[in-house]
């Protein structure tokens with residue numbers, strides 16, 4: 001399978017290593033430093049594209065994949081304010097798109113665990129909820145897309161919460177997300193429910209970028225020749241309390 005890499009930083013290089021080990025070919029490596037004149041032709045010749053860049057560039061890259069007729073796996077987060085428009089364009093172009101806030105299999109299991117715990121905690125309003133995420137200093141969006149997915153998962157299971165905030169929450173019905181940026185941390189997410197007498201805590205810690213990259217390549221394999229919009233729930237078929 002020919003894969004076009006849109007974004008060739010640390011994540012792109014890790015994806016390349018895993019893709020090659022699984023017998024795939026990289027026919028395009030697109031970055032700010034390397035933009036071949038024929039990159040659009042190379043994109044059209046790829047079986048699938050994997051996009052890991054920045055929030056302000058992702059939408060343009062997704063549209064380029066739509067125009068090229070190449071299914072795209074989008075790993076960039078922070079662009080979801082434009083999701084409704086991109087969804088409409090994907091349908092209009094009969095395009096294929098796979099998106100996720102996190103491609104790690106472990107994180108997606110953690111998403112399911114988070115929803116299950118949120119449903120269990122619904123009757124116990126004496127617990128104060130807090131969500132914390134820690135990432136490397138190069139990450140450009142905060143809160144992380146993974147943290148937002150976790151918060152939205154809680155909201156879907158517990159009607160005591162209706163929104164999240166990246167600042168100190170002004171009301172108990174708003175989930176506070178504390179974002180920390182330090183050194184080269186790949187990613188840590190912690191959910192805490194604290195009362196006057198105890199604390200319940202679940203967490204996921206990534207040791208490297210390998211898990212994210214492996215999931216992205218698996219998504220690319222899944223997307224070959226596909227049309228429509230897909231997520232990790234389609235790839236992994238993980239059951240959660242709400243079936244999503």
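Laboratory data are not the source of any read-out in this text; all were calculated from the coordinates shown. Keep in mind the model is a prediction, meaning the values are calculated, not measured. Because the Cβ atoms are built from the backbone with ideal geometry, glycine has one as well, and the counts that use them run over all protein chains shown.
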Within 10 Å of each residue's Cβ, count the other Cβ atoms and sort 56, 198 from fewest upward.
198, 56
If only Cα atoms are counted, what is the Rg of the stretch 100-238, and what is its Dmax, in Å?
15.7, 54
Taking neighbour Cβ counts within 10 Å as the exposure measure, how do 61, 136, 189, 24 sort from fewest upward?
136, 24, 61, 189
Helix 210-223 against the longest principal axis of the chain: what's the angle in degrees, Cα atoms only, rounded to the nearest 10?
60 degrees
I'd like the orientation of helix 105-121 relative to the chain: the angle between its Cα long axis and the longest Cα principal axis, in ° from 0 to 90, rounded to 10.
30 degrees
On a 0 to 90° scale, report how tilted helix 55-68 is relative to the longest principal axis of the chain, with both axes built from alpha carbons and the result rounded to the nearest 10.
40 degrees
Bounding extents of the stretch 40-142 in its principal axis frame from Cα atoms, largest first in Å, are 58, 32, 24
Sort 184, 45, 196 so that the residue with the fewest other Cβ atoms within 10 Å of its own Cβ comes first and the one with the most comes last.
196, 184, 45
Quote the FRET efficiency, to the nearest 0.05, computed for residue 182 versus residue 56 with a Förster distance R0 of 22 Å and r equal to the Cβ-Cβ distance.
0.40
If you average the C-alpha positions of the stretch 126-178 and of the stretch 1-67 separately, how far apart do those two centres end up, in angstrom?
31 Å
Convert 20 °C to kelvin, take the viscosity as 1.002 mPa s, use the Kirkwood radius over C-alpha pairs of the chain as Rh, and evaluate the Stokes-Einstein diffusion coefficient in µm²/s, rounded to a whole number.
114 µm²/s
